[in-house]
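To start, the structure under review is shown below, and the notes come after it.
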Amino acid sequence: MLDFLLTSDAIMALLTLTFLEIILGIDNIVFISIAANKLPEHQRSKATNIGLVLAMIQRIILLFFVSFLVGLSKPFFTIDTDWISIGVSWQAIILFAGGLFLIYKSTSEIREKVENPSHDEDVEKSKPIKSLSNAIVQIVIIDFIFSIDSILTAVGMTNGLHANHNYTLVLMIIAVMISIGIMIGFANPIRKFINAHPSVQILGLAFLILIGFMLITEAAHLSHTKLFGKTVGAIPKGYLYFAIAFSLFVEFINFKTTKKK
């Protein structure tokens, strides 16, 4: 286990996944803050911390469930025609549906942030909260909605890193725990930075489109799909790491240039 966690692929996956989990968690922090701010001041930090800890537990449970489904790689249905051949398994269905969901969610989020950035916050502010328990329940529900893309991103970044699914599951859990820990400790500074540089969050959502496409091709590859006699191959994760690193480098240069001006 330790040998795997110390490999370059695992370390790159952990760093990239932790970064994406934090970026994806920004909206979550905003909505948690809105819910917590409806309480008396002495209960706000308590509601936020309890909500984030419950969010972490909830995400770990979801990771176990999704990882179990992804592990079901045996085909239960086969399509074999002149132009397409595919062995349909639960693994392929989860990865394919997850890829489509990530592409849809990220494109719709980008559109909403560009055209009407405060719509969801206005809706959340209108919901009444009467007690601490009521706030925590609302925070857990909010996090469940935001957990889906987070879990699918984790699966996309770690799928295929190791033959043993338990190893990749541990990697995903570590990334989730680190990201939630950072959000608990640095929620306000992170939120202020993202508000000052919204392009970082748009960049994170753009990365989800890449991950979604990778999940779709991974589903096709793992189900041994052939189109017109050509086998669909897997996209090496190194390509994804390079695209993310290069984009962040460009954003960093842009940030420095803007700051100097």
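General remarks:
- Separation in nanometres of the label points that stand 7 Å from Cα toward Cβ, at Leu227 and Phe64: 3.8
- In a simple Cβ point-charge model (Lys, Arg +1; Asp, Glu -1; nothing else charged), the chain has a dipole of about 640 debye relative to its Cα centre.
- Whole-angstrom Cα spans of the stretch 186-261 along principal axes, big to small: 55, 25, 17
- The stretch 1-112, relative contact order [Cα under 8 Å, separation at least 6], %: 12
- Per the Debye formula on identical point scatterers at the alpha carbon atoms of the chain, with no solvent, log10 I(q)/I(0) at q = 0.10, 0.11, 0.16 Å⁻¹ is -0.55, -0.66, -1.24.
- Least to most buried among Phe246, Phe144 (fewest other Cβ within 10 Å first): Phe246, Phe144
- Full-stretch length increase - Lys256, Leu5 - with 0.36 nm per residue and alpha-carbon distance subtracted: 87.0 nm
- Of the chymotrypsin sites (Phe, Trp or Tyr not before Pro) found in the stretch 208-239, those in coil by DSSP whose Cβ has at most 11 other Cβ atoms within 10 Å are Phe228.
- Using a Förster distance of 45 Å, the FRET efficiency for Ala206-His42 (Cβ separation, nearest 0.05): 0.65
- Max-minus-min Cα coordinates of the stretch 7-52 on each principal axis give 47, 16, 10 Å, with the largest extent listed first.
- Near the amide H of Val88, within less than 5 Å, lie the amide hydrogens of Phe76, Phe77, Thr78, Ile79, all on another chain or at least 5 residues away, with H placed in the peptide plane.
- Residue-span extension gain [Ser73 to Ile148] - 0.36 nm each, minus C-alpha spacing: 24.9 nm
- Evaluating 6.51 cos²θ - 1.76 cosθ + 1.60 at θ = phi - 60° for every residue in the stretch 23-40, the Karplus couplings come out as 4, 5, x, 4, 4, 4, 4, 4, 6, 5, 4, 4, 5, 5, 5, 7, 8, x Hz, glycine and proline recorded as x.
- Volume per residue of the C-alpha convex hull in the stretch 30-114, rounded to whole Å³: 106
- Dipole orientation for the chain: of the candidates Asn134, Thr217, Thr48, Thr48 has the Cα lying most toward the positive pole (charges on Cβ; Lys, Arg +1; Asp, Glu -1).
- Put a plus charge on the Cβ of each Lys and Arg, a minus charge on the Cβ of each Asp and Glu, and nothing anywhere else: the dipole of the stretch 32-111 about its Cα centre is then about 480 debye.
- Net length gained if the chain between Ala245 and Ile178 were fully extended (0.36 nm per residue, minus Cα distance): 22.1 nm
- Phi to ³J(HN,Hα) by Karplus 6.51 cos²θ - 1.76 cosθ + 1.60 over the stretch 145-152, Hz, x for Gly, Pro: 5, 7, 6, 4, 5, 5, 5, 5
- Modelled this way, with points 7 Å down the Cα-to-C-beta line, the labels at Ser199 and Leu100 are 3.5 nm from one another.
- Take 151-161, 200-210 and order them by the average number of nearby Cβ atoms within 10 Å per residue, most first; the result is 151-161, 200-210.
- Simple rule: put +1 on each Lys or Arg Cβ and -1 on each Asp or Glu Cβ in the chain, find the dipole, and look at Phe19, Ile145, Gly71; the Cα lying farthest toward the positive end is Phe19.
- Percent antiparallel among DSSP beta bridges (both partners in the chain, rounded to 5): 100
- Estimated FRET transfer efficiency (Ser133, Asn164; beta-carbon r; R0 45 Å; 0.05): 0.65
- The chain: calculated mean residue ellipticity at 222 nm from DSSP helix runs of at least 4, using -39500 (n - 2.57): -27500 deg cm²/dmol
Each value in this text was obtained by applying a stated rule to the coordinates, not by laboratory testing. Everything numeric in this text was worked out from a predicted model, so none of it was measured. Positions of Cβ are generated from backbone atoms using ideal geometry, with glycine treated the same way; all protein chains shown enter the neighbour counts.
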